[in-house]
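Participant: Have a look at this one.
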Amino acid sequence: SEVVEDGVSGFLVPPKDPTQLAARLTQLLSCPDLVRRMGEAGRRRIEADYSLDRSVQETERAFEEIMGDRS
């Protein structure tokens with residue numbers, strides 16, 4: 001749920017709900033355009049939020065927050 005935006009980059013299905021899982025899989029199998037749009041949306045999100053540059057920036061920010069201004 002941290003990576004997938006329900007209905008945008010995929011579907012979130014509650015655990016132990018095979019009926020809803022089957023319904024979502026059927027929906028995806030019957031609509032290739034939806035699969036393509038969700039795949040593209042997922043890729044954009046991963047590239048924006050989980051790129052190497054973003055990870056480095058977030059790590060630097062965390063270190064700065066932890067260490068404070070020690071200059």
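The values are calculated or read from the model by the stated rules, or taken from the named source; none is laboratory data. Here the structure is a predicted model, which is why all the values come from computation and not from measurement. When we count neighbours, we look across all protein chains shown, and the Cβ atoms used for this are built from the backbone with ideal geometry, even at glycine. Calculation scope for accessible area: heavy atoms of the full protein, side chains included, ligands and nucleic acids excluded. Shrake-Rupley method; radii C 1.70, N 1.55, O 1.52, S 1.80 Å.
Participant: When the accessible area of the chain is computed with all protein chains present and a 1.4 Å probe, what percentage of it is carbon and sulfur?
Facilitator: So the carbon and sulfur contribution to the accessible surface is 56 percent.
Participant: Turning to a different aspect of this structure: How high is the relative contact order of the chain? Use alpha-carbon pairs under 8 Å, at least six apart in sequence, and give a whole percent.
Facilitator: 30 percent
Participant: Let me ask another. Using the Cα gyration tensor of the chain, with a ≥ b ≥ c the square roots of its eigenvalues, what is the shape: rounded (a/c below 1.5), prolate (a/b larger than b/c) or oblate (neither)?
Facilitator: Oblate, because a/c is 1.5 or more while a/b does not exceed b/c.
Participant: Could you list the trypsin sites (Lys or Arg not before Pro) in the stretch 1-65 that lie in coil according to DSSP, counting only those with at most 10 other Cβ atoms within 10 Å of their Cβ? Working shown, then result.
Facilitator: Working: sites: Lys16, Arg24, Arg36, Arg37, Arg43, Arg44, Arg45, Arg54, Arg61; in loops: Lys16.
Those that pass, being in a loop and sparsely packed, are Lys16.
Participant: While we're looking at this one, here's another question. Kindly provide the GluC sites (Glu not before Pro) of the stretch 2-64 that DSSP labels as loop, not H, G, I, E or B, and whose Cβ sees at most 10 other Cβ atoms within 10 Å.
Facilitator: Listed in order of number, the matching sites are Glu2.
Participant: Over the chain, average the accessible area per residue using a 1.4 Å probe and give it in Å², no decimals.
Facilitator: Solvent-accessible surface per residue comes out at 84 Å².
Participant: Between the stretch 34-52 and the stretch 1-32, what is the C-alpha centre distance in whole Å?
Facilitator: For the stretch 34-52 versus the stretch 1-32, the Cα centre distance is 16 Å.
Participant: Would you calculate, for the chain, the mean residue ellipticity at 222 nm contributed by helices, counting each DSSP H stretch of 4 or more residues as -39,500 (n - 2.57) and dividing by all residues, to the nearest 500?
Facilitator: -22000 deg cm²/dmol
Participant: Let me ask something else. With +1 assigned to the C-beta of every Lys and Arg and -1 to the C-beta of every Asp and Glu, and no other charges, what is the dipole magnitude of the chain about the Cα centre in debye, to the nearest 20?
Facilitator: It comes to approximately 420 debye.
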